[in-house]
Amino acid sequence: MRVLTTIILTMTTVALWAQHQSGRLDSIQHVDEVVVISRYNHKEVIPSQTLNGEQLERLNTHSVADALRYFSGIQLKDYGGVGGIKTVNIRSMGTNHLGISYDGIELGNAQNGQIDLGQFSLDNVEEITLFNGQKSAIMQPASDFGHAGSVYIRTRAPRFTQGKDYNLMVKAKYGSSDLFRLSTLWEQRLTQRVSLSTSAEFLTASGKYEFRYMRKQQDGAVAYDTTAIRQNGDIWAVRAEANLHGMIDDGFWKLKAYTYHSGRGIPGAIVNNVWRRGERQADHNTFVQGRWQKSLNERFTTQWVAKYAYYDTRYVNRDTTQLQVDNKYQQQEAYLSTSNAYDILPFWSVSLSYDLKWNHLRQASSHQSETSHLTPQNSNPYRFSHYVALASALSTNRLKMQGSVLATIVNDHSQLSSNSSQSSVLTPAFFMNVYPFECQDFSVRLYAKKSFRMPTFNDLYYTEIGSAADLVPESALQYNGGVSYDHQWNSGVVRHLHLQTDVYYNSVHDKIVAYPKGQQFRWTMLNLGKVHIKGIDVEGELTTVPLNGLQVTGRLQYTYQDARDVTNSADTYYRHQIPYIPWHSGSAIVNVQYGAWDVNYSFIYAGERYNQQENIPYNYMQPWYTSDVSIARQLWVKNIELKAMLEVNNLFSQDYDVILNYPMPKRNYALTIKATI
């Protein structure tokens, strides 16, 4: 009741303030939205998958990771609950092969390569876009050319109606697991060319939810079958972000400051009927970044990007049955990039990009323990990375092509040792899209690309895994062919239809794996792995014309993946499906709008898979699916837009694990109230 009272009082205060500020207006005035498109966007070769702000709001999603589940070719690792760590990988190649960019600048983690997307809220996100291969516009930082796939998160740019210089949004959410989320967004026009946006969010949850725990022995007999409450999954988090947006002649600039602070319990795996764990993690992440782009003349455009990030993580394990740990890790990253594009002819462009990146990892003195997880000779590793990319794009009415080559040089050093290592990689890529018909509704595309990922600091220097400074980068070869159909009608019930299909083959070489050697807790890292991946992605989207105030939109995606370990023919798991990759997966979204009402249904399915390298019955995991439903109502009170949404997630209360022994919540509920001024 206290939480509901807080929500009501917050909304009432906002409404009274807005009425006092704008009560003189007799009506709401709107102007048509103006969309500014870069002159290089029309040269993109490979179409992307996109979810915009309205679609994201209807999906009942809490974070960026939740939204990515609806993209084909994406696999999500979710360790359960609001506070559970969430990472993604693309087309079975691993998390480290997927680049994540936030407002055009890559998010990094040199320690383990994992980006916890649960730390990024959707409240101020305007669009999420997934590119397989790479973003096929040549005007981009050099390091973006090195990923097997990229996710671009674009936050909301301020837009103001006529005669208004500010926007204010307050949003409150209360739900199962004692979830309470309060967020605000304020946008202010400072001058005709400069605007400011700030957003902040507070989140707390107990993380407690019911789940069914059932495990069978190898002979099929039931070992455990009970219902319990998930423990040690609590979280509190505070996020704040400020953006300055500026327009200049033939260009723009943007400055961003971001900070995230959280403390959470790590519920851990449920093994041998143990329900409680003593692990906890605290994160304090901050970064500042800037971007400046300008066309100096009709043919030449330049872009400069800079970033500094500081990440502070404390990991504590008080479990008396395990090794006692209390360690603090500090990461720093400095990044500078320049991209330059030149139009040789109206249909032919070239670009040259250079990135310089510095990463440093330090294990600070622990609070109650002197246990170090970094080898003594490499306890303060740092890395210099140089990226140089040369790209060219050809764009005509019937043909779009792009070729690029990326040279990467990485130097690793240690502050406590004279040892250093250097790696260099050359990765080419070629993309082509053909429009065989004049209407350009139908297109045929193909691409071939080599990508790579560097060993992380954990791969190289983590003592519980081992030191292996001679590791070489893990590489992947990608081959893709696809067709796309996109058509709009001016009459009839169906107004827009989009269909696309891709068939692909990926080969991952020198896959970095941990190999046991010597003591129980000592492992060594080797380039042993090789994986062959075959797959099909299918996506469709349909929009109908409003009939008597009723409009229906549908979205469907399906993925088939055959990802086999072909490292060593002597292994018992040779040519077995790699862990946690289902052969079949997909999702569906249906949205119905009627007047001020909005009903959304979303469905996610993951087929059978295995949780270990050997595809034997003991490691088999059942398919799972979830259905989520939300109903929203919008209304206006003078100049205040109010919206209330009731959502029911996992409607049929399915029992499932995304990761073995990390049970997901059963049926759960949430109520959201949003006020926009």
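The values are calculated or read from the model by the stated rules, or taken from the named source; none is laboratory data. What you see is a predicted model, and the numbers here were worked out from it, not measured in a lab. Cβ coordinates were reconstructed from backbone atoms using ideal geometry, including for glycine residues, and neighbour counts include every protein chain displayed. Ligands, DNA and RNA are excluded from the accessible area calculation, which covers all protein heavy atoms including side chains. Shrake-Rupley method; radii C 1.70, N 1.55, O 1.52, S 1.80 Å.
Within the stretch 171-238, which strands (runs of 3 or more DSSP E) (wholly inside it) include 1 or more residues that are closer than 20 Å to T155 by Cα and over 22 Å from the mean Cα position of the chain (by Cα)?
179-189, 194-205
Answer with yes or no whether A223 is farther than 18 Å from S63 by Cβ and open to solvent by 30 Å² or more (accessible area, probe 1.4 Å).
yes
Checking the condition surrounded by fewer than 22 Cβ atoms within 10 Å (Cβ to Cβ), at pLDDT 80 or above and of a type outside the set (S, T, N, Q), which residue from A476, A448 passes?
A448
Within the stretch 108-124, can you find the residues that are of a type in the set (A, V, I, L, M), open to solvent by 10 Å² or more (accessible area, probe 1.4 Å) and out of contact with any Pro (no Cβ under 9 Å at 6 or more places or on another chain)?
I115, L122
Among the numbered criteria (1) touching an Asp or Glu at 6+ places or on another chain (Cβ under 8 Å); (2) under 12 Å from V151 (Cα atoms), which one does L107 miss?
(1)
Looking at the stretch 643-658, which of its residues are in contact with a Ser or Thr (Cβ under 8 Å, 6 or more places away or on another chain) and either open to solvent by 40 Å² or more (accessible area, probe 1.4 Å) or farther than 18 Å from S602 by Cα (or both)?
K643, A644, L646, L651, F652, Q654
Applying the selection to the stretch 145-177, what residues are closer than 20 Å to R291 by Cα and in contact with a Gly (Cβ under 6 Å, 6 or more places away or on another chain)?
Answer for the stretch 145-177, where residues must be closer than 20 Å to R291 by Cα and in contact with a Gly (Cβ under 6 Å, 6 or more places away or on another chain): just S150.
Would it be correct to say that A157 is out of contact with any Ser or Thr (no Cβ under 7 Å at 6 or more places or on another chain), part of a loop (DSSP other than H, G, I, E, B), over 17 Å from A391 (Cβ atoms) and of a type in the set (A, V, I, L, M)?
yes
Restricting attention to the stretch 594-609, report how many residues are free of Cβ contacts under 8 Å to residues at least 40 places away in the same chain and in contact with a Lys or Arg (Cβ under 7 Å, 6 or more places away or on another chain).
Total satisfying the criteria: 2.
Can you list residue pairs whose Cβ atoms sit under 6 Å apart, with the first residue in the stretch 472-485 being charged (D, E, K, R) and the second being open to solvent by 10 Å² or more (accessible area, probe 1.4 Å) and assigned to a strand (DSSP E or B)? Count only pairs 6 or more apart in sequence or on different chains.
E474/R453; E474/D510; E474/K511; E474/I512
Just one of T567, T676 is within 30 Å of V545 (Cβ to Cβ) and open to solvent by less than 60 Å² (accessible area, probe 1.4 Å); which is it?
Answer to the check: T676.
Taking the residues in the stretch 380-403 that are in contact with a Leu (Cβ under 7 Å, 6 or more places away or on another chain) and free of Cβ contacts under 8 Å to residues at least 40 places away in the same chain as candidates, determine which candidate is least open to solvent (accessible area, probe 1.4 Å).
Across the stretch 380-403, the extreme among qualifying residues is N380.
Could you check, for the stretch 618-640, whether at least one of its residues is in a helix (DSSP H, G or I) and open to solvent by less than 20 Å² (accessible area, probe 1.4 Å)?
Within the stretch 618-640 (the criterion being in a helix (DSSP H, G or I) and open to solvent by less than 20 Å² (accessible area, probe 1.4 Å)), the answer is yes, since at least one residue qualifies.
Give just the number: which of (1) closer than 30 Å to A269 by Cβ; (2) in contact with a helix residue (DSSP H, G or I) (Cβ under 9 Å, 6 or more places away or on another chain); (3) open to solvent by 10 Å² or more (accessible area, probe 1.4 Å) does I90 not satisfy?
(3)
Which one of these is free of Cβ contacts under 8 Å to residues at least 24 places away in the same chain and within 21 Å of T559 (Cβ to Cβ): T95, T129, T87?
T95 is the lone residue from the list that is free of Cβ contacts under 8 Å to residues at least 24 places away in the same chain and within 21 Å of T559 (Cβ to Cβ).
Give the residue, chosen from M454, M401, M432, that is modelled with pLDDT under 90 and within 27 Å of I90 (Cα to Cα).
M454
If we scan the stretch 539-559, do we find a residue that is of a type outside the set (S, T, N, Q), within 22 Å of I659 (Cα to Cα), surrounded by fewer than 20 Cβ atoms within 10 Å (Cβ to Cβ) and within 23 Å of the chain's Cα centre (by Cα)?
yes
Test of understanding: among G149, G99, which residue is touching a His at 6+ places or on another chain (Cβ under 8 Å), buried (at least 22 other Cβ atoms within 10 Å of the Cβ), more than 19 Å from K357 (Cβ to Cβ) and not aromatic (F, W, Y)?
Result: G149 is the single residue among G149, G99 that is touching a His at 6+ places or on another chain (Cβ under 8 Å), buried (at least 22 other Cβ atoms within 10 Å of the Cβ), more than 19 Å from K357 (Cβ to Cβ) and not aromatic (F, W, Y).
Please find, within the stretch 470-481, the residue that is farthest from the chain's Cα centre (by Cα) out of those that are under 13 Å from A448 (Cβ atoms) and of a type outside the set (F, W, Y).
My answer is G481.
Of these, R154, R212, which one is surrounded by fewer than 21 Cβ atoms within 10 Å (Cβ to Cβ), at pLDDT 90 or above and of a type in the set (K, R)?
The match here is R154.
Part of a strand (DSSP E or B), at pLDDT below 90 and open to solvent by 30 Å² or more (accessible area, probe 1.4 Å): is that true of L497 in this structure?
no
Could you check Q217 against (1) modelled with pLDDT of 85 or more; (2) open to solvent by 40 Å² or more (accessible area, probe 1.4 Å); (3) more than 30 Å from S72 (Cβ to Cβ) and say which number it fails?
So the condition that Q217 fails would be (1).
Scan the stretch 173-188 for residues that are open to solvent by 60 Å² or more (accessible area, probe 1.4 Å) and either touching a Lys or Arg at 6+ places or on another chain (Cβ under 6 Å) or more than 14 Å from E241 (Cα to Cα) (or both) and jot them down.
Y174, D178
In the list N661, N591, which residue meets the criterion of being surrounded by 20 or more Cβ atoms within 10 Å (Cβ to Cβ) and touching a residue at least 40 places away in the same chain (Cβ under 8 Å)?
N591
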